[in-house]
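S.K.: Right, I'll just put the structure down here and ask away after.
Laboratory data are not the source of any read-out in this text; all were calculated from the coordinates shown. A quick note: this is a predicted structure, and the numbers were derived from the prediction, not measured. We place every Cβ from the backbone using ideal geometry, glycine too, and count neighbours over all the protein chains shown.
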Amino acid sequence: MALTTYATSAGVAVLSGADNDTDHATYLQSAIEGLRALIGKVPGSGQIRGINIYNGVVYAFRDNTAVTACVMWKATSIGWVEIDLNNIVHFTLGTAELSDGEVLTQSGTTATILRVVKQSGDWGANDAAGYFIIDTVSNPSYANAVATSALGSCTLDGAEQVNTIPAGGTYEFVNHNFFGSIATKRMYACNGVSPMFEFDGTIYVPLSTGNAADKPSHIAVYKFHLFFSIDASLQNSATGDPYVYAGSGANEIGVGDDIVGIREEIGNSLAILSRNKTRMLYGSDSTDFDLRTLSEEAGGIEWTMQRIGAMRYMDDRGFTSLNAVQAYGDFKDNVFSQLIEPLVDASKTKVTTSSISKTKNQYRVFLNDASAIYATFDNKKIKGFTTVDFTDGNGDALIVRCAANGEDTNGNEIAFFGSDDGYVYQMDKGTSFDGYKVESFIRLSFSHMDSPEDIKRFLKAVLEVSADSQVTLLFTADFDYSEREDITHSLEVSSGGGYWNIDNWNEFNWSEASISNPEAYLDGSGKNIGILIYSEATYEEPHTIHSAILHYEQRRRSR
């Protein structure tokens, strides 16, 4: 008899040793809390100043304990590991080209060249100048004299210096590949207190732009140029070369108002936001760059510029879409948050940072009162807004100071934020708020069931809910705009079933339906009804409420 395969295990089952569901849940919760205790802060002091996800790895920036420098850290399986920023030594009079990986020799002093940064001149003309990023230097230090490698020669401009990053600042990042090979996608960052830098996972390279106050605040990539802003100055690197900022396509444009954000926009343009103006840069390089003003009245709030479907940002009038600005100029029609205008007015001076969630199609703005406003889109149209509270179970406020969104090494979307306490928190992950209960509620608008003056007797509410584990919901109905209310019902939800030959064996609940229909029997009459659904849990998986079906009897006309 031939054997037929009906199901395949997707992995090895994890056994807790429990012989019932209650004990299994207890053991699982104990394991979660045990692992939570192993999570450590990013070493140092003060707030997390920046987070970036690069090649699937999370990097964080925090000032050291003495607040004399900012330190770059990498998240690993053994905790946070400090990144060695290596050394820098400047050179002039390069007469023969030196290359990455060669040993730089000067008398008895040696070090390996990690990165050659040529900023001006030419090796063939014997006037190449720039700097090397080098590893540990043998004694003694380099001096102002000729140094050589196996193939090259130059004159060093004095002793090497240890690379450091000043304390303070707010970090902004862009990951980009200027050099063409699959291995040359790199992280670029600015912080408003030091020169920009490049990082490839191993080698840190400060990017000297030649400005007297070389402290860019915002960064973007457009048409193979690395763009940055210093106050009201918009500048860019040479074409295809983030190391060169003089000649060869490098450029500077004054926009007349301090820049609060720059980002590449679909349609071959670079969006430039100032506090009260919106501009667009068109063209391919310094020979044809064309700066145009979209609005002389509307600008943006710093740290709110994000792309999700279109460019989104926040200004004094509310949440704004850039393509709406392009279409309607200074009209209020470009604002898509009119329905929450009082909330926006109360929040616009509190912004700390912003991020997006591609999976949930959300634009998120975080505030300094430990709250956030999430805007959710459906096919580029606003679907709704919600507020989120980042206060934990002890009443401690976690202010989101910086946030990052990206992909892990498997291509799954991941999101993190950093706060004042030195921790980096993963968003949209797990069942709790760092071990505390997650509280959620939804209040539906009052409905008169298409008969606003008729009294109805409401009999039952049936919810459609999906969840990956058992969930407890509290349900309350209000009648006639809360003039009367029903008792509070406790509803048990159990769903998470799978589909044969589609779902993985260990990723659904056996014998459960995919959608649960908990019922609440109502006892109330009125012209309309409003519903409040509430949950509070630490270990319950997320749930989704798809709909609420109301059973009622039509009664007399209200007199």
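S.K.: Distances longer than 21 Å among the Cα atoms of the stretch 171-302: what percent of all pairs is that? Show your work: numbers first, answer last.
M.R.: Values: 3123 of 8646 pairs.
Roughly 36 percent, rounded to a whole number.
S.K.: For the stretch 249-300 and the stretch 427-496, what is the separation of their Cα centres, given in Å?
M.R.: Between the Cα centres of the stretch 249-300 and the stretch 427-496 lies a distance of 47 Å.
S.K.: Could you work out how far the C-alpha centroid of the stretch 34-60 sits from that of the stretch 113-184, in angstrom?
M.R.: So the separation of the two Cα centres works out to 29 Å.
S.K.: Using the Kirkwood radius built from alpha carbon pairs, what does the Stokes-Einstein equation give as D for the chain at 10 °C and 1.306 mPa s, in µm² per second?
M.R.: 58
S.K.: Something else about it: Quick one: net charge of ARG557's neighbours, Cβ under 13 Å, K/R +1, D/E -1?
M.R.: +3
S.K.: When Lys and Arg each count +1 and Asp and Glu each count -1, what net charge do the other residues less than 12 Å away from ALA143, Cβ to Cβ, add up to?
M.R.: Every neighbour counted, the sum reads -2.
S.K.: From the gyration tensor of the Cα coordinates in the stretch 381-442, what semi-axes in whole Å does the equivalent ellipsoid have, largest first, with each one equal to sqrt(5λ)?
M.R.: 20, 18, 13
S.K.: Largest first and in whole Å, give the semi-axes of the stretch 290-448's equivalent ellipsoid, each being the square root of 5 times a Cα gyration tensor eigenvalue.
M.R.: Over the Cα atoms of the stretch 290-448, the ellipsoid semi-axes are 28, 19, 16 Å.
S.K.: OK, next. What FRET efficiency comes out for THR476 versus LEU28 if R0 is 25 angstrom and r is the Cβ-Cβ distance? Round to the nearest 0.05.
M.R.: 0.25
S.K.: Using alpha carbons only, what's the Rg to Rh ratio of the stretch 400-500 with Rh from Kirkwood?
M.R.: Here the Rg-to-Rh quotient is 1.11.
S.K.: To continue, here is another question. If R0 is 45 Å, what FRET efficiency do you get for LEU550 and ASN368 from their C-beta distance, rounded to 0.05?
M.R.: The pair LEU550/ASN368 has a calculated efficiency of 0.65.
S.K.: Once the principal axes of the Cα atoms of the stretch 83-181 are found, what is the range along each, listed largest first in whole angstroms?
M.R.: 41, 33, 21
S.K.: Under a point spin-label approximation (7 Å from Cα along Cα-to-Cβ), what is the SER248-ASP127 distance to one decimal in nm?
M.R.: Result for the modelled spin labels: 1.5 nm.
S.K.: Next up: Measure off 7 Å from each Cα along the Cα-to-Cβ vector at THR431 and ASP19, then give the distance between these two points in nanometres to one decimal.
M.R.: About 2.3 nm, to one decimal.
S.K.: While we're on this one: Calculate the FRET efficiency for ASN139 and ASP392 from the Cβ-Cβ distance with a Förster distance of 41 Å, rounded to the nearest 0.05.
M.R.: Computed FRET efficiency for ASN139 and ASP392: 0.20.
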